[in-house]
1. Residues of segment 449-481 with amide nitrogen under 19 Å from the 7 Å Cα-to-Cβ point of ASP164?
2. Checking a compactness column here: for segment 82-133, what do you get for Rg(Cα) / (2.2 N^0.38 Å), N being the number of residues?
3. According to the Cα gyration tensor, what semi-axes, each the square root of 5 times an eigenvalue, does the equivalent ellipsoid of segment 101-176 have, listed from largest to smallest in whole Å?
4. In Å, the Kirkwood hydrodynamic radius of segment 429-503 over pairs of distinct alpha carbons?
5. Which one, LEU126, ILE495, GLY85, projects farthest toward the positive side of the charge dipole computed for the chain from Cβ point charges (K/R +1, D/E -1)?
6. Considering just Cα atoms, how many Å³ per residue does the convex hull of segment 42-154 enclose?
7. State, as an integer percentage, the relative contact order of the chain based on alpha-carbon contacts under 8 Å between residues 6 or more apart.
8. Identify, among PHE65, ASN317, ILE509, the residue whose Cα sits farthest towards the positive end of the charge dipole of the chain, taking +1 on the Cβ of Lys and Arg and -1 on the Cβ of Asp and Glu, with the dipole about the Cα centre.
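Here, each number is a calculation from the coordinates, and none is a lab measurement. What you are looking at is a predicted structure, and each value in this text was computed from that prediction instead of being measured. When we count neighbours, we look across all protein chains shown, and the Cβ atoms used for this are built from the backbone with ideal geometry, even at glycine.
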Amino acid sequence: MNISAKKLLASMLVAASILSAAGCGSGSDSSGSTASSTGSSAASDTKPAISEVTAVRPIPDDLKFPEGDSLENNIWTRQYESDLGIKLKYKWMTPVAQYEQKLNISIASGDIPDIFQVNSVQLKQLVEDDQLADLTGIYEKNASEYTKNVLNQDGNALLSATFDGKLLAIPKMGSGLGQTNVLWVRTDWLKKLNLQEPKTMDDVIKIAQAFTENDPDGNNKKDTYGFGINKDLWGMFASLEGFFNGYGAYPNTWIEDGSGNLVNGNIMPEMKTALASLKDMFSKGYIDPEFGVKDSFKVSANVGEGKIGMLYGLFWNMGWLSDAKKANPDMTWKPFGIVGTKEGGALAQVPFPVSTYYVVNKKAANPEAIIEMLNLQLEKCFGETAEPGKYNVDQAGNPIFEYPLIYSDAQVKVSKALESKDTSALNAEEKGYYDQIQAYRGGDLSGWPTEMMYGPEGSLAVINGYATNKKVYDNRYFGPPTSTMTQKDATLSQIQLQTFTDIIMNGDINQFEKYVTDWKSLGGDAITSEVNKWNSERK
């Protein structure tokens, strides 16, 4: 399976979905196959009794089916019925863009199905209205060990779905760790200029200077920039989270203040230190003077053209440079862990990755169905008996379901197999990565992004190192958006972007103090109060 940009983007939003399974999958049906390893009932000669479970669902615009299949009748609905005795019946379906509004109407009227998907605000409302089933005992009794492992891979995910000691929802898992930054550096330029690999923030700045001033591409022109930034500053490709983390700053993250309270990382003094460093780099020409109008896609194009030699970004970023690698096989990159002001590295900020949940109507006759369906799906897609080519690919061959750390887990297994040449422990997905890396090492450049992610020195090895060495800083707030967040976040984000961009592009560094004052008065203080009320109640 080739790693496409679409798949790489999807990996940022890794999720274990339940109801969205119904309506996907390109393989033929296999009624009666066993689900014993999932913790659900094993299939036998006697089919399970059929229980109807109602649901609602959003419909993606690009959803397609094999010939003869539909939302109501497909490989997953048939598997739920044959293995679990669960017959899904949709009360309604609607395009994704209209789902939230239509569900709000259903919630307000009390006309809700047995199982459905909600956002964090809707979850809070349903909890307050006492409309949800307590899943605590059901989860403990029915969830397979594999399912529990998945749902516990982010320590706060289940906590965010727990109210007064009761588990009232199943989080749709995303990967916070998979959204941490790594430092990408062109190592062919390092070698050409006889530079050492970065170990501190001073090294990062020195490399940026050399990549700008010392003609790393050898064309006798001053046409390269040492450090890449996208106009939005955060996320995707050429982002700045990792740079700020190097100075002990945690943008867009709630952090502990040392006295038991939470404060927003955006207004901490360390942010000003990092901004001053970026301002200095910009003034010296290490950063493209037009970065303020270039999004991630445009910056990646400049990188591919050989104009930028270093950036912070996500683990899949080299996937966007696949064509550039084919055009310039001598171009080499390497991911590094986030460095600090002193040797030893820095803490990588980890966003809270869950914003969507699956809930069960308090009146549902079979609340355990939600766990049984998840058990089955995870096993069929990722477990020891998984058949991902049958159950977890769409019509284009891209994976449908993903879950936290599947990529990090795969990196460890693939790297071991590359060393031992023994692939017996790999599942089908992992074997695909192994084969792509072996093909790359044999001269097929299309496998280069896979090497950059899953290889022994790949970006996922860097991310695994964050976890192993406890070099992570989790967002301390994992509740729903507060009332003031809902009203003011967009304004506060815009002020931040304008101020930080002005400072970097030769503005006055003392604008930061005005930014802090404005942030507080325009809603930040109210949000901080709400966040700390949540924090106190949670404790």
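1. Flagged as within label range: 480.
2. So segment 82-133 has a normalised radius of gyration of 1.26.
3. 23, 14, 11
4. 16.4
5. Farthest towards the positive pole: ILE495.
6. Roughly 159 Å³ of hull volume per residue.
7. Reported relative contact order: 22 percent.
8. Result: ILE509.
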